[in-house]
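Each value in this text was obtained by applying a stated rule to the coordinates, not by laboratory testing. Just so it is clear, the structure is predicted and the values come from calculations on it, not from any experiment. Positions of Cβ are generated from backbone atoms using ideal geometry, with glycine treated the same way; all protein chains shown enter the neighbour counts.
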Amino acid sequence: MIYLDNCATTKVREEVLEKMYDSFKDSFANASSLHRLGLKSEKIIKESREFIADYLKVDSKEIFFTSGGTESNNIAIQSIINNSLRKGNHIITTKIEHPSVLNVMKNFEEKGLNITYLDVDKEGKIDIGQLENSISEDTILVSIIHVNNEIGTVQDIKKIKEIIKQKESKALLHLDGVQSFGKINFSLKQLGVDTYSFSGHKVHGPKGIGGLYIRRGLNLSPIIFGGNQEHGLRSGTENVQGIIGLGEAVRILTLNHENELQHVSNLREYMIKRLSEEIDYIKINTPMDNSSPYILNISFLHTRGEVLLHYLEEKEIYVSTGSACSSKGTDKSHVLLAIDLTDKEIEGALRMCFSYEITKEDIDYTVKCIKDSVEDIRKIMMR
């Protein structure tokens, strides 16, 4: 099996599985309980929080656990907007956000708020001039996806923050970091963001756990209410095993990050070279500069991505036609539309996302299977 759908989710590391399995037997108590077992769970949560804070080079008090990236984005965006409505009613985001951001924005738009959706160029970079012109005295939030989940574009967050400052705007800056966490080098403090979301299952940790960085001094309000866990921000019994798994995944990530980053960079470069040599009529949609090395989006013209996906599936190669973040959606990708691809280019698009487990031999076999499959599909479609 060759799994190249690591943007959708990743395989949990063996070390993470072992740590979680042991904890189900030994650290099962509710962390809110006052007895010894509860205190043990609380201590483990603290350790995991510190692993994540150390990786992001922030204070552990700035890290809050959630159920994943979607909840983190919702808490940050909804809370910032709800707390800032007296100051203004204008929000800025982009046309290539994840649905957990776009659908929140649509909801607020229906309630009468003014939302600006920034255009992007053919590489998925936002229009900086449009951002500058859009910021007004009513702007309360700028929400940007750090690494796009379909084409891998990395936005220039430093520049975006500079413009917010230059305009003397009170707007806060939220970053959807689900595809940048553990995948590229950056410093949250240097970027100057106010909130940053991340998820466990994108970094070889378990599903159902994620987190939110909230800059010290910024007070957000909860969007669900209960027992006031996570310092009152996110009520609900703590997912101790999920937190342990995420902490262990991040601990290992901290040790291996640079080596794995170089490994996948080499793999992507090699795959682009091989595909370009072996197959005609392809278009690389991922920008080669300022993009995550974990993501490669390519259009195979005169094919259909979904058909090609199933051809490869038969050979136990697993890829995606785009985002897997909405339920079995078959609509045209809003990201590929935003970067102005033609209908034919969108129709033939595949997304391949790498991991530390993929080898050069895997790439060779995948390229061979893609070539054979594309030839078969084109024979049918170009009759």
Treat the count of other C-beta atoms within 10 Å as a stand-in for reagent exposure and order R86, R49 from fewest to most.
R86, R49
Antiparallel content of DSSP bridges confined to the chain, in %, to 5
50
GNM of the chain, Cα pairs under 10 angstrom: of G242, G232, G348, the biggest fluctuation goes to G232
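What ranking do L336, L308 get, fewest neighbouring Cβ atoms within 10 angstrom at the top? Show your work: numbers first, answer last.
On the way: L336 25, L308 22.
The fewest-first ordering by Cβ neighbours comes to L308, L336.
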Starting from the 7 Å offset along Cα-to-Cβ, what nm value, one decimal, do you get for the label separation of D156 and M1?
4.2
Can you pull the one-decimal nm distance between simple spin-label points at R216 and N185, each 7 Å off the Cα toward Cβ?
2.6
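List the longest stretch of the chain that has no exposed loop site; here a site is one of the chymotrypsin sites (Phe, Trp or Tyr not before Pro) assigned by DSSP to anything other than H, G, I, E or B, with at most 13 other Cβ within 10 Å.
Details: sites that count: F28, F225, Y281.
Result for the longest clean stretch: 29-224.
Helix-only estimate, please: 222 nm mean residue ellipticity of the chain, summing -39500 (n - 2.57) across DSSP H runs of length 4 or more and dividing by its residues, to the nearest 500. Mind dumping the intermediate values first?
On the way: 12 runs with 164 residues, N = 383.
About -13500 deg cm²/dmol.
Could you give the Stokes-Einstein D for the range 1-60 in µm² per second, using the C-alpha Kirkwood radius, 20 °C, 1.002 mPa s? Please report the intermediate quantities before stating the final value.
Working: Rh = 13.7 Å.
Answer from the Stokes-Einstein relation: 156 µm²/s.
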Prolate/oblate/rounded call for the range 143-255, Cα gyration tensor, a/c under 1.5 rounded:
oblate
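Tell me, I151, I317, I144 in order of fewest to most beta-carbon neighbours within 10 Å? Walk me through the numbers on the way to the answer.
On the way: I151 28, I317 21, I144 24.
Listed from fewest to most nearby Cβ atoms, that is I317, I144, I151.
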Figure the gain on full extension for I128 and Y21 (residue separation times 0.36 nm, minus the Cα-Cα span) and round it to one decimal in nm.
33.8 nm
